[in-house]
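Asker: Questions regarding the structure given below will be posed in turn.
What follows is calculated from the coordinates using simple rules that are stated; it is not laboratory data. Source: prediction; values computed, not measured. No Cβ is skipped: glycine too gets one built from the backbone with ideal geometry, and neighbour counts run over all protein chains shown.
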There are 2 protein chains.
Amino acid sequence: MDRADFDAATMRLALAEAEAAARAGEVPVGAVLVGPDGAVLARAHNLVEARRDPTAHAEMLAIREAAAQLGAKRLPGCALYVTLEPCAMCATAASFARLSRVVFAAPDPKGGGVLHGPRIFAQPTCHWRCEVEQGPFAEEAGESLRSFFRARREGGGA
Amino acid sequence: MDRADFDAATMRLALAEAEAAARAGEVPVGAVLVGPDGAVLARAHNLVEARRDPTAHAEMLAIREAAAQLGAKRLPGCALYVTLEPCAMCATAASFARLSRVVFAAPDPKGGGVLHGPRIFAQPTCHWRCEVEQGPFAEEAGESLRSFFRARREGGGA
């Protein structure tokens, strides 16, 4: 499998996590963390509502789960796939974890912290810059978010 | 007790947490989260090494613990006291948690995300700006960190 195919297959797993989040009434964001050999170390989706934890973003949960799997606070060579541009909290966590790559689907002009807002990896005080790529399925991931918020505004729940 | 006395007493608890971190070989940062009535909801120190979790900063643990205590993802009216200027991850988490105040002791030009680097609360995309104050004991908190890193450089451990 070449890298584009691998990225697409992995982002599909992240999208499935986002769909699971939406079904549970969570903001639909999903993440997958893969090891240097491409093995999936962790899959997670947003659990802010279920856990009543403002830090329980998909990326944070995936990073923490992968660190627990490997018994290591740093995850060099690992890559994070996420359906939405990470916020500043998650981007900073990715830097602390020494992830090699962060691949996201939909950009997030309102809440993103990588291409937008604080642009964490571009800060002079950022000590580890993950390679960032906008990957496949931006349209699918963005539509999933838009329909979730549309349903919520209309009082339909999720 | 007036606010300055309360701030000093609370920061002393955070300093005690930082000392506990240093004794355990963790970077000495401590945090205390107090409710709107001034009651301590959570005390925590850095556990990155013990938990092998790159996100286990004192502030994150205190925010998560307080949210669990209150069964709420948002903690309006609550204040976070921390011995070191929060990084971008922790400052963003404080914003998500809707904390009213963040009081820190030592500024952190190399890794801070409030007065330095991404200046999270000054970003146009920051949707909730915590009131930030540099509180008491900057010298004590800074010296605790300096002596920790000095000992580590000299191979003396902590």
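Asker: So, in Å, what gap is there between the alpha-carbon centers of the range A:31-93 and the range B:52-67?
Answerer: About 15 Å separates the Cα centre of the range A:31-93 from the one of the range B:52-67.
Asker: Counting partner chain Cβ atoms within 10 Å of every residue's Cβ in A:54-62, what's the average? Write out the running numbers ahead of the final one.
Answerer: Working: counts 16, 14, 4, 3, 0, 1, 6, 1, 0.
Per residue, the number of nearby Cβ atoms from other chains is 5 on average.
Asker: Can you give the average number of partner chain beta-carbon atoms within 10 Å of each beta-carbon in peptide B:101-114, as a whole number?
Answerer: Mean inter-chain Cβ contacts per residue within 10 Å come to 1.
Asker: Return, for the Cα atoms of the range A:26-131, the radius of gyration and Dmax in Å, separated by a comma.
Answerer: Cα radius of gyration and Dmax of the range A:26-131 are 12.6, 36 Å respectively.
Asker: Out of all Cα-Cα pairs in the protein assembly as shown, roughly what percent, to the nearest whole number, are more than 35 Å apart?
Answerer: Across the protein assembly as shown, Cα pairs with separations above 35 Å total 18 percent.
Asker: Find every distance from the label point of A:P76 to the corresponding label point in the other copies (7 Å from Cα along Cα→Cβ) and write them in nm, one decimal, shortest first.
Answerer: Label-point distances to the other copies, shortest first: 4.7 nm.
Asker: Which far-off residues, 5 or more places away or on another chain, put their amide H under 5 Å from the one on B:V29, with H placed in the peptide plane?
Answerer: HN-HN under 5 Å from B:V29: B:N46.
Asker: Would you mind giving the mean number of other chain beta-carbons within 10 Å of the Cβ of each residue in B:118-130, as a whole number? Present the calculation step by step, with values, prior to reporting the outcome.
Answerer: Numbers: counts 12, 2, 7, 0, 1, 6, 2, 11, 5, 2, 0, 0, 0.
What the average comes to for B:118-130 is 4.
Asker: Can you list the lysines whose alpha carbon sits under 24 Å from that of A:K110, skipping same-chain ones fewer than 8 residues off?
Answerer: Leaving aside lysines fewer than 8 places away in the same chain, those within reach of A:K110 are B:K73.
Asker: In debye, nearest 20, what is the charge dipole magnitude of the protein assembly as shown about its Cα centre with +1 on Lys and Arg Cβ and -1 on Asp and Glu Cβ, if you could check?
Answerer: The dipole magnitude comes to about 40 debye.
Asker: Could you calculate the contour length gain from A:A4 to A:R150, that is, 0.36 nm times the residue separation minus the distance between their Cα atoms, to one decimal place in nm?
Answerer: Between A:A4 and A:R150, full extension yields 49.4 nm more.
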